[in-house]
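In what follows, a single structure is set out as structure tokens and then discussed.
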Amino acid sequence: MTYSVPVDFVKKAIDAGESKALMQTQDMLIRAFMAGGILALAAAFAITISVQTGIPLLGAALFPVGFCMLYLMGFDLLTGVFTLVPLAFWDGRQAVTLSAMLRNWMLVFIGNFAGALTVALMMAVVLTFGFSVEPNTVGLKIGSIGVDRTLGYASHGMNGMLTLFVRAVLCNWMVSTAVVTAFMSSSVGGKVIMMWMPIMIFFYMGFEHSVVNMFLFPAALMLGGDFSVRDYLVWNEFPTIFG
């Protein structure tokens, strides 16, 4: 009985986009920092489950817990505001100008990156006992992901870049679906169910999520991944953001 059809909930999504675009700078940064940190912890959680159980599907099935937590707390991901704020802009909300939208995206990017980077450093410390020993199996897996999803794409040249871009588009298609369909229900349980399904799909399919990657690749570099910061930015982060 808490279900709403799209024609009814779309105004809620537009209102949410307007609200996010008009927040104070410190509010945007804090909400984005928390979102980046929580999603990074969820990614570490999912990788740990996959490595320890040998069942990647189980890690993907549990990864959405992070997205659900940050969404219900009102925190902001770059991939979420890429969806909601343009809705308010295209709807003609007077206060949501192009500059307001771009400002929101920039501040959320900064906050997400700061939160994800903070967790990357903390997890690197945890997985190496403060950098005093070699990374454990989870740390080695994170390092290998960093190599595979930078140099792996680079080895295919422009075909690799195209694949990376399309994977990013598919990822944000699923994330946008989760953000929007959460408005379909007024109950916590309904929102969680609607968010869980598309987020599980993108993670298991290996699509590229810009904020998850803000954690994975810095952590991989700290854990001995054999690639450079330039490799990360050129062969993953920037194309993923555009996608």
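The values are calculated or read from the model by the stated rules, or taken from the named source; none is laboratory data. A quick note: this is a predicted structure, and the numbers were derived from the prediction, not measured. Backbone-built Cβ (ideal geometry, glycine too); neighbour counts: all protein chains shown. In case anyone asks, the SASA skips ligands and DNA or RNA and just uses the protein heavy atoms, side chains included. Shrake-Rupley method; radii C 1.70, N 1.55, O 1.52, S 1.80 Å.
Here are the numbers for this structure:
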item	result
Extension reserve of the Asp91-Phe242 stretch, reckoned as 0.36 nm per residue once the Cα distance is removed	52.1 nm
Unit charges at the beta carbon, dipole of the chain: most positive-side option, Val81, Phe203, Ala42	Val81
Pairwise label distance in nanometres, Ser132 with Leu58, each label 7 Å out on the Cα-Cβ vector	3.1
Estimated distance in nm for a label pair at Thr2 and Met106, the labels positioned 7 Å out from Cα along Cα-to-Cβ	3.8
At q = 0.16, 0.18 Å⁻¹, base-10 log of I(q)/I(0) for region 1-76 (Debye sum, equal scatterers on each alpha carbon)	-0.75, -0.83
Mean accessible surface per residue for region 1-153, computed with a 1.4 Å probe while every protein chain stays in place, in Å²	49
Cα pair distances of region 32-110 binned at 5 Å [whole percent]	3, 16, 20, 16, 15, 12, 8, 5, 3, 2, 0
Nearest 10 degrees, 0 to 90: helix 98-128 Cα axis against the chain principal axis	30
Fraction of accessible area attributable to carbon and sulfur, region 122-243 (%, probe 1.4 Å)	72
Cα-centred dipole magnitude for the chain, charges only on beta-carbon of K, R (+1) and D, E (-1), debye, nearest 20	240
Cα-projected label distance for Val166 with Lys12, points at 7 Å along beta-carbon direction, nm	3.5
From phi via Karplus (6.51, -1.76, 1.60), per-residue ³J(HN,Hα) for region 32-41 in Hz, x at Gly/Pro	6, 4, 5, 5, x, x, 5, 5, 5, 5
Computed [θ] at 222 nm, deg cm²/dmol, the chain (DSSP H ≥ 4; -39,500 (n - 2.57); rounded to nearest 500)	-24500 deg cm²/dmol
Within region 1-64: Cβ-based charge dipole about Cα centre, in debye rounded to nearest 20 (Lys, Arg +1; Asp, Glu -1)	60
Candidates Ala88, Ala35, Ala16: whichever shows maximal mean-square fluctuation once the chain is modelled as a Gaussian network with Cα springs under 10 Å	Ala16
Interatomic Cα distance distribution for region 137-243, bins of 10 angstrom, percent	16, 41, 28, 13, 3
Between 0 and 90°, nearest 10: helix 78-90 axis offset from the chain longest Cα axis	20
Note, ³J(HN,Hα) from phi for region 140-152, Karplus 6.51, -1.76, 1.60, rounded to Hz, x at Gly and Pro	5, 5, 4, x, 5, 4, x, 5, 4, 9, 10, 5, x
Alpha carbon centroid spacing (whole Å) that separates region 94-142 from region 191-243	10
Candidates Thr181, Thr48, Thr25, ranked by Gaussian network fluctuation over the chain, Cα under 10 Å, top entry	Thr25
Whole-Hz couplings from phi, Karplus 6.51/-1.76/1.60, listed for region 14-26; x for Gly and Pro	5, 4, 5, x, 5, 4, 5, 5, 9, 5, 5, 4, 5
Rule-of-thumb Rg ratio for the chain [Cα; 2.2 N^0.38 Å; N residues]	1.01
Fraction of accessible area attributable to carbon and sulfur, region 54-95 (%, probe 1.4 Å)	73
Globularity ratio of region 41-84, using Cα Rg and 2.2 N^0.38 Å	1.32
